[in-house]
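See below for the structure under consideration.
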Amino acid sequence: MKGRKIYNRIVLLRHEAGLSRKELAAIVGVNFQTVGYLEREEYSPSLDLAFRFSEHFGLPVEMIFSSAPMKPLSQELMEQRRR
């Protein structure tokens, strides 16, 4: 069974935090190449790894990872404000 594609905001969050791939990889406990694979959406994270990213960035998992293409964060925030 082929897994579904997982979309993410890792590159955006990493840049906003001023972290290199190596620095982020060390924080979440993976090889820096894994961060690259995730950023290019060539690899889907395990649930444990998704939670490590969530905990580091202080965001819910669903704000970082999604099974559908993600809207820009600005659009997402505007929609939340309207609710």
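Divided by 2.2 N^0.38 Å, where N counts the residues, the Cα radius of gyration of the chain comes to 1.10.
Stretching the chain fully between LYS22 and MET70 yields a gain of 14.8 nm (0.36 nm per residue, less the alpha carbon separation).
Note on segment 9-54: percent of Cα-Cα distances in each 5 Å bin, starting at 0 and stopping at the bin with the largest distance, equals 5, 24, 38, 29, 4.
Can you tell me the FRET efficiency between GLU55 and ARG82 if r is taken as the Cβ-Cβ distance and R0 is 22 Å, rounded to the nearest 0.05?
0.15
Where a number appears in this text, it was derived from the coordinates with a stated rule and is not lab data. Owing to the predicted nature of the structure, the values given are computational and were not obtained by experimental measurement. Cβ coordinates were reconstructed from backbone atoms using ideal geometry, including for glycine residues, and neighbour counts include every protein chain displayed.
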